[in-house]
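To start, the structure itself, in structure tokens.
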Amino acid sequence: MKRISAALLLALAMAQPAWALTLDEARQSGRAGETLSGYLAARSQDSETLALVQRINAGRKQEYQRLAEQNNLSTADIASIAGQKLVGRAAAGEYVRGINGQWLRKEADSGQ
């Protein structure tokens, strides 16, 4: 019985990262949203959401810096271009921060 319990605990410990909040889950649940700055912003202030936002934004910053160097642009220019695309591509039901700084929930396209 101890052997099964130890194996179960080991399996649970290894599977824990699968329980971590994903970017899609955070966006779909409204815990985080895209901004025109090119960076993700937390709408919920819990530690799991804040950690995810920090991790995603650190990766984005590195990528923006790389692209800026390749294209002779500023990192801010690249981030702004990416922000416009990310806000535009947000799915229905997800939150985006508008130019006025207010959160807006994207609605489904009417197809017109």
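Rounded to the nearest 0.05, what FRET efficiency is calculated for residue 65 and residue 44 with R0 set to 41 Å and r the Cβ-Cβ distance?
Here the calculated transfer efficiency is 0.90.
In whole percent, how big is the carbon plus sulfur part of the accessible area of the range 46-112, probe 1.4 Å, protein atoms only?
Summing carbon and sulfur atoms, their accessible area is 48 percent of the total for the range 46-112.
Before I look further, what does the range 15-65 give for accessible area per residue, probe 1.4 Å, in whole square angstrom?
On a per-residue basis, the range 15-65 sits at 56 Å².
Mind ordering 67-79, 26-38 by average Cβ neighbours within 10 Å, highest first?
So the peptides 67-79, 26-38, ranked by packing, come out 26-38, 67-79.
What does the accessible area of residue 85 come to, in Å² to the nearest 10, when a probe of 1.4 Å is used?
Counting only protein heavy atoms, residue 85 exposes about 110 Å² to solvent.
The values are calculated or read from the model by the stated rules, or taken from the named source; none is laboratory data. All values reported here derive from a predicted model rather than from experimental measurement. Using ideal geometry, Cβ is built from the backbone for each residue, glycine included, and neighbour counts are taken over all protein chains shown. Only protein heavy atoms, including side chains, enter the accessible area calculation; ligands, DNA and RNA are left aside. Shrake-Rupley method; radii C 1.70, N 1.55, O 1.52, S 1.80 Å.
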